[in-house]
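Heads up, the thing below is written out as structure tokens.
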Amino acid sequence: GTLNLAKKAAIAGVKRFIFISTVKVLGEKTEPGQAFKNSDSFNPQDPYSISKVEAEVGLKLIGEAHDMEIVIIRPPLVYGKGVKGNFASLLKLAIFPIPLPFGSIQNKRSLVSVENLVDLIVVCLDHPNARNQTFLVSDDDDMSTSELFSRLAKAGGYKAYLFKFPLTILNTSLRLLGKLSIYERLCGSMQVNIEHTKSQLSWKPPFKVKDSLSSCWLL
């Protein structure tokens, strides 16, 4: 679908095509202190990220064939008003004063608010340095799952009740329940390095995490 649209766009004379990919084309997790960079090699792990890799590769070929500029943006998890999925589950948990075993989680994850993502897209529309470039994007404020939950609860006017629990026991418990993927999402790290984006475009995320987390609570 992406490549068909790009071909039609090129034929119609579109000069620049911006594609929203995903950081998952580089992998599912990072090691501590080793954030993904825009120059890292592909390492997709599921059909979704594989399809994004195929789209990125195909778009560059179309761009070269039709002299159409291709700009690729790879966001991590995007959040904001109306957020769905696992982030929405955290919102639901934050409402109830239930102690949760997240206190020992010291991972690091990059997120991006929909406002910051849109701001970068707008910059990429006509910035001369965006031509045929690939950009990673985030709020530039990485945090652990426990910190995210605490800040999210506070933004909604609630208090987070977290207690420390051995991660090895949490891992084993979820493994026995066949829910190891939940452990990876809760405790694994996924960071992105956006220094290339900031320097190439003279850009930095204009929206603060505190305000963007508050917007998640809006109906």
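Put simply, the Cα atoms of region 62-134 extend 57, 25, 20 Å along their principal axes, the longest span coming first.
A cut-off of 5 Å between modelled amide H atoms, ignoring neighbours fewer than 5 places along the same chain, links Phe19 with Val71, Ile72, Ile73.
Computed over the chain with a Gaussian network model linking Cα atoms closer than 10 Å, the most mobile of Val118, Val71, Val25 is Val118.
Helical runs (DSSP H, four residues minimum) scored at -39500 (n - 2.57) apiece and divided by the length of the chain put the mean residue ellipticity at 222 nm at -13500 deg cm²/dmol. On the principal axes of its alpha carbon atoms, region 108-214 extends 52, 32, 18 Å, with the longest extent given first. Considering only Lys159, Lys198, Lys15, the Gaussian network model of the chain with Cα springs below 10 Å gives its largest mean-square fluctuation to Lys15.
Karplus-derived 3J(HN,Hα) values for region 210-216, using 6.51 cos²θ - 1.76 cosθ + 1.60 with θ = phi - 60°, are 4, 5, 5, 5, 4, 5, 5 Hz; glycine and proline are entered as x.
Cα centroid separation, region 13-43 to region 86-164: 18 Å.
Here's how it looks for Leu77: its modeled amide H is under 5 Å from those of Val112, which are all 5 or more places away or on a different chain.
On the beta carbon distance between Val14 and Lys198, with R0 = 25 Å, the FRET formula returns roughly 0.40. Convex hull volume per residue, computed on the Cα atoms of the chain, equals 129 Å³.
For the chain, the share of DSSP beta bridges that are antiparallel, to the nearest 5, is 5%. Summary value for region 123-219: 48 percent relative contact order, contacts being C-alpha pairs under 8 angstrom separated by 6+ residues.
Of Lys37/Lys108; Lys52/Lys84; Lys92/Lys154; Lys29/Lys210; Lys159/Lys179; Lys24/Lys60, which pairs sit farther than 22 Å apart, going by alpha carbon to alpha carbon? From the list (Lys37/Lys108; Lys52/Lys84; Lys92/Lys154; Lys29/Lys210; Lys159/Lys179; Lys24/Lys60), the Cα-Cα distance tops 22 Å for Lys29/Lys210; Lys159/Lys179. Projecting the Cα atoms of Gly103, Val53, Ile73 onto the dipole axis of region 42-115, where Lys and Arg carry +1 and Asp and Glu carry -1 at the beta carbon, places Gly103 farthest toward the positive end. Long hydrophobic helices in the chain, taken as whole DSSP H segments with a C-alpha length of 18 Å or more on their own axis and mean Kyte-Doolittle hydropathy at least 1.0: 114-126. GNM on the chain, alpha-carbon springs under 10 angstrom: the most fluctuating residue among Lys164, Lys24, Lys81 is Lys164.
Using only the alpha-carbon atoms of region 1-120 as identical scatterers, what base-10 log of I(q)/I(0) does the Debye formula give at q = 0.18, 0.19 Å⁻¹? Debye curve over Cα of region 1-120, log10 I(q)/I(0) at q = 0.18, 0.19 Å⁻¹: -1.08, -1.16. Under the rule of at least 5 residues apart or a separate chain, name every residue whose amide H is placed under 5 Å from the amide H of Ser189. Here Thr30, Lys108 satisfy the definition. Computed from the Kirkwood radius of its Cα pairs, the Stokes-Einstein diffusion coefficient for region 146-208 at 20 °C and 1.002 mPa s stands at 143 µm²/s. In the P(r) worked out for region 20-81, what percent of Cα pairs fall beyond 20 Å? Taking all Cα-Cα pairs of region 20-81, the fraction more than 20 Å apart is 32 percent.
None of the figures in this text is laboratory data; all of them are computed from the coordinates on show. Just so we're clear, the structure is a prediction, and the values are computed from it rather than from any experiment. Glycine also receives a Cβ, built like all others from the backbone with ideal geometry; neighbour counts cover every protein chain displayed.
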